[in-house]
Every structure is written in C-alpha cells, then in structure tokens.
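The values are calculated or read from the model by the stated rules, or taken from the named source; none is laboratory data. Keep in mind that what you see is a predicted model, and the values were worked out from it rather than measured. All Cβ positions, glycine included, derive from the backbone under ideal geometry; neighbour counts span all protein chains shown.
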Ligand SMILES: [Zn+2]
Ligand SMILES: [Zn+2]
C-alpha cells in the first residue's frame, strides 16, 4: 500500500471517530493541500477520496473524470454515484475547516476594519451568507447610499426591497422606514422577558433563511446567536452533537432525524449558541 493511501486510511479513521473532530478535519485539510500540490498519480487518486470524505462532491467528480479509467467498471460506478451529488450540490456543502481561536479573532478584527456593525444575535453574517458582497456596490433602499455589503436574508415588509446595508439594519432604520422585521416575533423561544431584546432580534438583527418559517432559539433568558446552517456532519465536526441532542425540544424520533440530517438536504438544521452559558441549540425543519 502506498504512503498516501495509508495516511488517508488513518485520517479517515480519526474523522469517523466521535471525539476530536475539529483536529481530524484540520488534519484532513492539511493533507488535501499537500495532495493538491503533489504531481504523482497516487496522490491524485487519494485526493478523490479526501474530496469525497469532506463532501467536495464536484471536485471529487471532476478529478476522477480526469484521472479515472472509465472502462473499469469500478471507476465507472463511482463516477455515476458522484455525478448526481456533484450536479446537485457542487462543492457547496463541503465540510468547513474548523477555525482556531486565533483565526476567529482575526476574522472578527477584519469585520471591524470593514466597518461592519456587530450583531450579537448573528455574529458572523458574512459567514452564514446573510450578507453578500458586491465589488461594484449596490444602493441601499433605505439610506440610498452605495454599499459593498448588503443583506440577502428575509425581510418581512409590504414594500419590495432589493438591498439593505448593514448599518440600516443595526440602527433599526430599515425596520422603521419599511415597518418590517427580520424575524417573526412569534416564532421565537419563550423565556426572554426583556422586550428590548425582542426588538433587537426582530428589528435590528439580520435573519436567516429556513425551508419553512424561521424560528429563533433562546437560552438563559436571552436569544441565542445564530451560527449557521448545519447537518449531522457539521455537528460532529464541531463536537456539539451530544450537546444539541440534550434539549427538551426534541423527542426521540426528532433526535434520530437530527443525527441523519444533511446540510442542504431535505432535513436542515440551524445552529445557535447561548450568549451566556455557551450551550449549542438547534432548530430544524424539512423542505
Ligand atoms: Zn442603508
Ligand atoms: Zn444558556
């Protein structure tokens, strides 16, 4: 067995173990980068496996198309299997490389430098896709100023709104001007008495896109921070599967569904974190 394959098998084994996920994913990413640099065929063959394991379905398919011998039934079958996923998902649902604390801090500083307001209930809206970037800039419907970062999540109002800048969300101007909200005030957890917090959540915080009605979790008498879209793989990678299942919200059947969920699949999970005790919580819905 060649060295690359041996290393792959070791890394795959670690990846499939329930503990130590963030480290094992980072190790796979390092390995992926190394293989991408390597020229020999064995490295490329192993790279197909690494892509597939990390759900880079399109990359896996494209590479196998290039290097695989299609006259071999095994290769042909594998290509056929990958093709559907590649066409449907591309690389969109690839397992993300977990960030170190240092990387998180750097990102935070970068956002500050960009002048992006901080949303405590949605701390990384660029990461979650709630904010999109535009090179040439777009005009905010609220303040009429050019913005290079604009909101692309739900905004419930009567008027047709194309673009809202982050500042007009943070200041509450957009919600006020269009009498709109970013989150339905009735689709939130109970237990937050402070109405200021509800106002901040629904009128001054970027929302997220659910398959169905978006729902916002709360914990420790406050709303949680929305961290992003997940499936079972991401929850395992982050090492929070046990934590999110430990929740009165879910019965046994739903817990099984969470364990089967796929990011971008028909059963979607949305990850939240308590701002006070740090507990992770989920919302889930089906398409
Ligand atoms: Zn604006
Ligand atoms: Zn809490």
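If you check 44, 32 for being closer than 20 Å to residue 76 by Cα and over 19 Å from the mean Cα position of the chain (by Cα), only one passes: 44. Condition first: more than 21 Å from residue 92 (Cβ to Cβ), away from ligand 1 (no atom under 16 Å from the Cβ) and free of Cβ contacts under 8 Å to residues at least 24 places away in the same chain. Can you find one or more residues in region 277-286 that meet it? Checked against the condition, which is being more than 21 Å from residue 92 (Cβ to Cβ), away from ligand 1 (no atom under 16 Å from the Cβ) and free of Cβ contacts under 8 Å to residues at least 24 places away in the same chain, region 277-286 yields at least one hit. Applying the criterion of being farther than 28 Å from residue 142 by Cα, assigned to a helix (DSSP H, G or I) and touching a helix residue (DSSP H, G or I) at 6+ places or on another chain (Cβ under 6 Å) to the residues of region 197-239, the residue that is nearest to ligand 2 (Cβ to nearest atom) is 235.
Taking the stated definitions as given, is residue 192 over 21 Å from residue 21 (Cα atoms) and assigned to a loop (DSSP other than H, G, I, E, B)? Judged against the criteria, residue 192 is a match. Beta carbons closer than 8 Å, at least 6 apart along the sequence or on distinct chains, pair a first residue in region 203-222 that is modelled with pLDDT under 95 with a second that is surrounded by fewer than 18 Cβ atoms within 10 Å (Cβ to Cβ) and not in a loop (DSSP other than H, G, I, E, B) for 210/285; 211/285; 211/286; 212/285; 212/286; 213/285. If you go through region 167-196 and keep only what is within 16 Å of ligand 2 (Cβ to nearest atom) and surrounded by fewer than 18 Cβ atoms within 10 Å (Cβ to Cβ), you end up with 189, 190, 191, 193, 194. Tell me yes or no: at least one residue of region 101-117 is part of a strand (DSSP E or B), under 30 Å from residue 30 (Cα atoms), out of contact with any helix residue (DSSP H, G or I) (no Cβ under 8 Å at 6 or more places or on another chain) and not assigned by TED's automatic domain parsing to the domain that holds residue 221. No, region 101-117 contains no residue that is part of a strand (DSSP E or B), under 30 Å from residue 30 (Cα atoms), out of contact with any helix residue (DSSP H, G or I) (no Cβ under 8 Å at 6 or more places or on another chain) and not assigned by TED's automatic domain parsing to the domain that holds residue 221.
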